[in-house]
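Participant: Take this structure, written in structure tokens, and hold onto it; I'll ask about it next.
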Amino acid sequence: MQTLTRKTKKNVTLIFFGALLPMLNPAWAESDKQLQEKTLKARELIHMQSMDHAAHNPPADETEGFRGVFYGYLPCKEKDCDGFKMTLSLKQKNNYLLVTQYAKASSREFYEKGKYEWDDKTHILSLAANKNDLNRKFSIKDEGTLTQLNSDGTLIPGDQEAYTLRRSDKSKSREVHIH
């Protein structure tokens, strides 16, 4: 009986220290699952580097860098108008959404949808509305700035900064100062 108790104590002690040992050294704590994940990631990386991905990338077009949402506060020429907020969203497949809202007269928003075109030579963005013959033009200064033009493509007289829309991810804030 004493021999059996001695063997049991020995086994319990061995199991106890065997369970305690991995906790003392965290470097041994990496599991088989973690090792398998590392191996799988390494295999995928090697496989991805050897593949040609050009076949399944969509073709780039010249307006790719100008897509996005542009915000601004523009003046208006009417007597009782304090200006209006303008939000222009340039989407894929050359679709756009233009939302305008007068500053103080009303909180109503006006929506306009249509197609846009980019002239690579003149750097002019042309908007053609779906429901009316209204055409708007903007000059693209850089990938984050649009300046509204007259319908014939000429600069609007006055301070050009007042007719500027800035892309949301390029400007520091989307907030617009209204007088």
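Computed from the coordinates by the stated procedures, all read-outs in this text should not be read as laboratory data. Small disclaimer: the values here were computed from a predicted structure and weren't measured. Positions of Cβ are backbone-derived with ideal geometry, glycine not excepted, and every protein chain shown enters the neighbour counts.
Participant: Given a Förster radius of 45 Å and the C-beta distance between LEU35 and GLU143 as r, what FRET efficiency does 1/(1 + (r/R0)^6) yield to the nearest 0.05?
Facilitator: 0.50
Participant: With each pseudo-label sitting 7 Å past Cα toward Cβ, what's the ASP120-ARG43 distance in nm, one decimal?
Facilitator: 4.4
Participant: Please work out how much length the chain gains when fully extended from ASN94 to ASP159, using 0.36 nm per residue of separation minus the C-alpha to C-alpha distance, in nm with one decimal.
Facilitator: Taking ASN94 through ASP159 to full extension adds about 20.5 nm, to one decimal.
Participant: With 10 angstrom as the radius, rank TYR111, TYR102 by how many other C-beta atoms surround their C-beta, starting from the fewest.
Facilitator: TYR111, TYR102
Participant: Would you mind getting me the FRET efficiency between ARG67 and VAL12? Use the beta-carbon distance for r and R0 = 45 Å, nearest 0.05.
Facilitator: For ARG67 and VAL12, the calculated efficiency is 0.05.
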